[in-house]
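The values are calculated or read from the model by the stated rules, or taken from the named source; none is laboratory data. Values in this document were obtained by computation on a predicted structure and should not be read as measured data. Quick reminder, even Gly has a Cβ in these numbers, built from the backbone with ideal geometry, and neighbours come from all protein chains shown.
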Amino acid sequence: MINKRLLIKNLLAHNDENSFYDKKRKIDISEKEGKAKFLKHICALSNSNPKNNSYIVIGVQDEDNKIIGVDFFDDSKIQNLINAYLDNPPIVQYENIPFPHLPDHKVVGLVTIRPIEKLTSLRKNIWKYYGGSVFFRDGSMSMPKVFDIKIEDVNSEIVSAIEAHAQNNIEYTLDGVFDFMEKRRDFNPQYKVFKEYFVVCWSGQKKAIKGETFFSRVDIELINEQVRLFFSTLDEVTISYDSDTFKIVEYVSLGLQNSFKYYPLEETIISFDNNANYSIDSKLLFEPPQYDKKPLYHILNANNALLEKLKKGITLTKNEEQDVLNLPATYLICYLNNFNDALEKLHEAKPYLKSKYKTAYISYKEAIRILRKVKYS
C-alpha cells in the first residue's frame, strides 16, 4: 500500500511541476474561476497520462516547495462536479494528508487522477473556457490543443518508480498509531485492524442527545495510507463498524424559531477488501425539512427586514441580535422549500455576518457547505 505522506514528499523531491503532477497553494471551487481552473488541470493531467496516475498536491508554496498546508477539505462530491463538466471524466480522489509539523487543523490535499486511456474534454462552457476544449500538460502548464491531438504514454515508468518508493512498512504503521493515540488521548482514542492489514484510528468528543450517542471533534485516520477524515466541534456524527466496513453518518441541526432537529446529511463508508484494497464512498442522505408555505413566507420577510438593518448599520435589539444567529439556517430552509430568492439573500448577508457576527458566520459557512453537497449529488 502507498503511504500518501511519502508519496507527496517523493513528488515534491522528484522534480518541479511537470506533465504528471501539479502543485497549488490552494484551490477554490466555490467560485466559477477557481472551478474552471481546477477542471482544466484535471483535464490536462488526465490526457497527458493515459496509463498512469497523475497528481495535484495542494498546500505547497510554489517558490520553494515549502509545505504550509490548507484547511481540511470535505467536499466528497468532487467527482460529481467533474462528471458534470467533463466528457470521458477520469476517476478523481481528494484526500487530506496530515503532516507532523502542521497544526491540527491543517493538512496537505492530494488529488489523484486515475488513467482512463480516453480523451477528456470540457462538456460545456465555464468561465472563459469553451465546451469541447481539450487540455494537455506542456511542462508545468495546462495548455489547450485543438488539432493533431494524440494521447501518448511517456510517464508510466517514472510514476511507477515514485509510487514504489512510497510503499508502507511496519515502522510507519506503528509510528502512526502511537502518534495518533498520544495526540488524541483527551478524546478517547481507539483503533481497529481490518482484514489483518488496515489500521483505523479514531477519536471524538462523545455526547448523548435524546438517547442517541453522537461524536464531535472527530478525527479518523487510515494509518497505512496516512489519510485523514475530520469533523469539527460543530459537527455531530455517529460511528459504527463491522469486520468489513467503518461507517460515519454526519447530521445537521436545522429548524425555525429555536425549534431545531437533527437530520442525517451524509453517510461515508470505508470498505476493506481481502486483496489489500479499500474504498471510501459517500452518499447524501439529506431530506430537507418541509414547512407550511404561509408562515415560512412571513419568516422570510422578517429575515429580509433584518438583513436591511444590517446593511444600513442600524443598531439591533437583543431579540434581533439573537435572530441574526439563526439568519443563515432560516434562509437555507426557505431556499430548500422553493423560495429561490432566499439564496441570493443568504449570499448578501455574508459580509455583514463575517465582519461582526462570528457565530452567525460559521452558521453561514455550514449552510453553504450543505448547499454544495446537495447541488453536486
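Residues of region 272-301 that are under 19 Å from D74 (Cβ atoms) and either in a loop (DSSP other than H, G, I, E, B) or charged (D, E, K, R) (or both): D281, K283, L285, F286. Considering only residues in region 13-56 that are in contact with a Ser or Thr (Cβ under 7 Å, 6 or more places away or on another chain) and without any contact (Cβ under 8 Å) to a residue 60 or more places away in the chain, the one that is farthest from L371 (Cα to Cα) turns out to be Y21.
Considered as a group, the residues in region 211-238 that are touching a Gly at 6+ places or on another chain (Cβ under 7 Å) and of a type in the set (A, V, I, L, M, F, W, C) include one that is farthest from D175 (Cα to Cα), and that residue is F215.
Looking at region 337-355, which of its residues are assigned to a helix (DSSP H, G or I) and either among the hydroxyl-bearing types (S, T, Y) or loosely packed, with under 13 Cβ neighbours inside 10 Å (or both)?
Quick first cut of region 337-355, residues assigned to a helix (DSSP H, G or I) only: 341-355.
Once the filter is applied, which keeps residues that are assigned to a helix (DSSP H, G or I) and either among the hydroxyl-bearing types (S, T, Y) or loosely packed, with under 13 Cβ neighbours inside 10 Å (or both), region 337-355 yields D341, E344, H347, P351, Y352, S355.
For A13, the criteria (1) under 19 Å from H165 (Cα atoms); (2) buried (at least 18 other Cβ atoms within 10 Å of the Cβ) hold in every case but one, which is (2). For the criterion of being among the hydrophobic types (A, V, I, L, M, F, W, C), outside the structural domain of I91 (by TED's automatic domain parsing) and either at pLDDT 90 or above or over 16 Å from D74 (Cα atoms) (or both), L256 passes.
Here R228 meets the list (1) more than 27 Å from A329 (Cβ to Cβ); (2) out of contact with any Cys (no Cβ under 6 Å at 6 or more places or on another chain); (3) not in a strand (DSSP E or B) almost entirely, failing just condition (3). Take the residues in region 58-78 that are under 28 Å from L371 (Cβ atoms) and assigned to a strand (DSSP E or B); name whichever of them is modelled with the lowest pLDDT. Looking at residues that are under 28 Å from L371 (Cβ atoms) and assigned to a strand (DSSP E or B), I get D71.
Residues of region 174-215 that are among the small types (G, A, S) and closer than 22 Å to E250 by Cβ: S203, G204, A208, G211.
Every listed requirement among (1) crowded, with 20+ Cβ neighbours inside 10 Å; (2) of a type in the set (S, T, Y); (3) modelled with pLDDT under 95 is met by Y55 save one, (3). When T233 is tested against (1) in contact with a Ser or Thr (Cβ under 8 Å, 6 or more places away or on another chain); (2) hydroxyl-bearing (S, T, Y); (3) not in a loop (DSSP other than H, G, I, E, B), exactly one condition is not met: (3).
Here A208 clears all of (1) without any contact (Cβ under 8 Å) to a residue 12 or more places away in the chain; (2) in a loop (DSSP other than H, G, I, E, B) except the condition numbered (2). Please identify the pairs in which a residue from region 111-134 that is surrounded by 17 or more Cβ atoms within 10 Å (Cβ to Cβ) has its Cβ atom under 9 Å from the Cβ atom of a residue that is assigned to a loop (DSSP other than H, G, I, E, B) and of a type in the set (F, W, Y), counting only partners at least 6 apart or on another chain. Sorted first by the residue in region 111-134, then by its partner, the pairs are L122/Y130.
Got at least one residue in region 145-155 being more than 24 Å from the chain's Cα centre (by Cα), closer than 20 Å to L110 by Cα, at pLDDT 85 or above and in a helix (DSSP H, G or I)? Taking every residue of region 145-155 in turn, none turns out to be more than 24 Å from the chain's Cα centre (by Cα), closer than 20 Å to L110 by Cα, at pLDDT 85 or above and in a helix (DSSP H, G or I). When you check I8 against the structure, is it closer than 19 Å to V107 by Cα, assigned by TED's automatic domain parsing to the domain that holds E157 and either in a loop (DSSP other than H, G, I, E, B) or of a type in the set (K, R) (or both), yes or no? Judged against the criteria, I8 is not a match. Taking the residues in region 198-255 that are within 22 Å of A166 (Cβ to Cβ) and under 19 Å from the mean Cα position of the chain (by Cα) as candidates, determine which candidate is surrounded by the fewest Cβ atoms within 10 Å (Cβ to Cβ). Here the answer is R228. Restricting attention to region 11-35, the residues that are part of a loop (DSSP other than H, G, I, E, B), at pLDDT below 90 and of a type outside the set (V, I, T) total 8.
Considering I362, I333, I280, I368, the condition of being assigned by TED's automatic domain parsing to the domain that holds I269 and either exposed (fewer than 14 other Cβ atoms within 10 Å of the Cβ) or under 29 Å from E267 (Cα atoms) (or both) is satisfied by I280 alone. In region 177-197, what residues are closer than 17 Å to A276 by Cβ and surrounded by 14 or more Cβ atoms within 10 Å (Cβ to Cβ)? Residues satisfying the conditions are F194, K195, Y197.
Answer yes or no as to whether L81 is within 18 Å of the chain's Cα centre (by Cα), modelled with pLDDT of 90 or more and surrounded by 23 or more Cβ atoms within 10 Å (Cβ to Cβ). Show your work before the answer.
Details: within 18 Å of the chain's Cα centre (by Cα): yes; modelled with pLDDT of 90 or more: yes; surrounded by 23 or more Cβ atoms within 10 Å (Cβ to Cβ): no.
Criteria not met by L81.
Look at region 215-230: where a residue is under 14 Å from F187 (Cβ atoms) and a partner is small (G, A, S) and assigned to a loop (DSSP other than H, G, I, E, B), sitting 6+ places away or on another chain with Cβ atoms under 7 Å, you get R217/S232. Does F38 satisfy the criteria of being within 14 Å of V111 (Cβ to Cβ) and part of a loop (DSSP other than H, G, I, E, B)? Taking the combined requirement at face value, the residue does not satisfy it.
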